[in-house]
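The values are calculated or read from the model by the stated rules, or taken from the named source; none is laboratory data. Note that the structure is a prediction, hence the values are computed from the model and not measured. Neighbour counts are summed over all protein chains in view; Cβ atoms, including those assigned to glycine, are modelled from backbone coordinates with ideal geometry. We work out accessible area using only protein heavy atoms, side chains counted, and drop any ligands, DNA or RNA first. Shrake-Rupley method; radii C 1.70, N 1.55, O 1.52, S 1.80 Å.
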Amino acid sequence: MTSADILAPRLPSPLEEVADDRFARHGVRLLLKRDDLIHPELIGNKWRKLVPNIEAAAGRPVLTFGGAYSNHLRATAAAGRLLGFPTVGVVRGEELAARPLNPSLERCAADGMRLHFVDRSAYRRKAEPEVLAGLLRAAAAEDAYVVPEGGSNAAAVRGCRALGAELRGRADVVAIACGTGGTLAGLAAGLGPAQRALGVPVLRGGFLAGEIRRLQAEAFGGRRGQWSLDERFHFGGYGRTTPELDSFADDFEERHGVRVERLYVAKLLYGLVELAREGGLGRDVSVAAVLTA
C-alpha cells in the first residue's frame with residue numbers, strides 16, 4: 001500500500017461552478033477547483049507536492065523549511081504523524097527559539113516535528129551545499145531526506161501535473177495563487193494545448209518566472225504549457241493582508257458559502273475579480289480558480 005493509499009485523498013477534487021455577477025457581467029464563468037477538500041490535514045497543493053517526496057524518502061526522516069506560519073511545515077508534520085516517519089522543520093528566525101510557539105508551530109510540534117530555528121542570513125543561503133550541510137549537522141539530521149521550502153522540487157512538480165490533467169478541457173483559464181511556483185509549473189504541464197495557466201504570486205520580488213522555468217526544466221527537461229504571472233495582487237508580500245482584502249474575503253464567503261483562506265486564496269480571487277473587470281481574462285471564457293488552502 002502506498003502513502004497515497006493510506007492518506008486516502010479525495011481525488012479528483014470537486015470542480016464547482018459559482019454564480020457571481022462580478023464575473024458574469026464581463027462574460028466570464030467562474031469555477032472553483034476545490035483542492036482544499038482533498039484531505040483534512042494535507043490540503044490542496046500540499047498533498048500533491050508532498051506525497052511524491054514522502055515516497056522518495058522511503059521511511060527516512062524528512063527535513064524541510066518554512067517560516068513561522070508555514071502551511072508547508074504543518075502539512076509535513078501532519079504527514080509524519082499519519083504515516084509514522086520523523087520530521088524536522090528548519091524555521092526562519094533564530095530569535096523565535098526563545099519565544100512561546102505560535103499556534104502554527106505549536107501544531108507542528110504536537111504532530112511530532114522537531115523544530116530547529118536558524119538565523120535569517122543562513123536561512124536565505126540554505127540552498128548552497130555548504131550551508132545546507134551545516135544546517136543538517138546542526139539539526140542532527142544528516143541522514144534526512146531534504147524537501148525544499150514550500151515543497152517545490154522536480155518530484156513535486158511532476159506530482160502537480162495531475163492537477164492540470166484533472167482540469168484538461170474543463171476551463172479556458174486555470175488560475176492559482178503562487179508561493180514557490182511548483183504547483184503552477186506542474187499544473188501548466190498537465191493542461192491541454194488550448195488552455196492557459198495564470199499564476200498570482202503572493203510574494204513580492206519578481207523572481208518567480210525564472211523559478212518556474214527552472215522547475216519545469218528539472219521536472220520535464222524544458223518549458224511546458226502556456227502560463228503567465230500577474231504580480232499585482234500580493235498586498236505587500238507573503239503573510240500580508242489589508243482591511244480591503246479581508247473585507248473582500250468576507251464578502252466572497254457570504255456570497256458563496258466557501259471559506260476563503262487569506263494568505264493565498266483571497267489574493268487569487270481578488271485578482272480574478274479585477275482581471276474580469278479590466279477585460280484581462282477575455283469574454284465568453286471559463287476560469288477555474290484552484291483553492292489550495
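Residue-wise HN-Hα couplings along region 235-241, as the Karplus relation 6.51 cos²θ - 1.76 cosθ + 1.60 with θ = phi - 60° gives them from phi, are 6, x, x, 4, x, 9, 9 Hz; Gly and Pro carry x.
Take every Cα pair under 8 Å whose residues are at least 6 apart in sequence, average their separation, divide by the length of the chain, and the relative contact order is 21 percent. Karplus-derived 3J(HN,Hα) values for region 12-17, using 6.51 cos²θ - 1.76 cosθ + 1.60 with θ = phi - 60°, are x, 5, x, 10, 10, 8 Hz; glycine and proline are entered as x.
Can you tell me how region 22-102 classifies by the Cα gyration tensor, rounded, prolate or oblate, using a/c under 1.5 as the rounded cut?
Numbers: a/c = 3.19, a/b = 1.62, b/c = 1.98.
Taking the square roots of the gyration eigenvalues as a ≥ b ≥ c, region 22-102 is oblate.
Using Cβ point charges alone (K and R +1, D and E -1), the dipole size of region 100-205 about the Cα centre works out to roughly 320 debye. Between region 252-278 and region 190-213, the C-alpha centres lie 18 angstrom from each other. Ligands, DNA and RNA are left out, and with a 1.4 angstrom probe the accessible area of the chain is 43 Å² per residue.
Residues whose amide H lies under 5 Å from that of F117, counting only those 5 or more places away or on a different chain, are V91; hydrogens are built 1.01 Å from N in the peptide plane.
Arranged from highest to lowest average of other beta-carbon atoms within 10 Å per residue, in what order do the peptides 168-181, 219-232 appear?
Details: 168-181: 22.5, 219-232: 16.1.
Ranked from most to least packed, the peptides come out as 168-181, 219-232.
This model, with +1 at the C-beta of Lys and Arg and -1 at the C-beta of Asp and Glu, gives region 21-125 a dipole about its Cα centre of some 400 debye. Backbone amide hydrogens, once placed in the peptide plane, bring R262 within less than 5 Å of nothing, excluding anything fewer than 5 places away on its chain.
In this structure the amide hydrogen of I38, modeled in the peptide plane, comes within under 5 Å of the amide hydrogens of G44, none closer than 5 places in sequence on its chain. For the chain, DSSP calls about 10 percent of its internal beta bridges antiparallel.
In deg cm²/dmol and to the nearest 500, what is the mean residue ellipticity at 222 nm of the chain if only DSSP H runs of at least 4 residues count, each as -39500 (n - 2.57), divided by the residue total? Working shown, then result.
On the way: 12 runs with 121 residues, N = 293.
Calculated from helices alone, the mean residue ellipticity at 222 nm is -12000 deg cm²/dmol.
Counting only protein heavy atoms, what percent of the accessible surface of the chain is carbon or sulfur at a 1.4 Å probe? Walk me through the intermediate numbers first.
Details: 6250 of 12510 Å².
Solvent-exposed carbon and sulfur of the chain make up 50 percent of the total.
For K49, a cut-off of 18 angstrom between C-alpha atoms picks up these aspartates and glutamates, skipping any fewer than 8 places away in its own chain: D5, D35, D36, E41, E149, E166, E211, E218.
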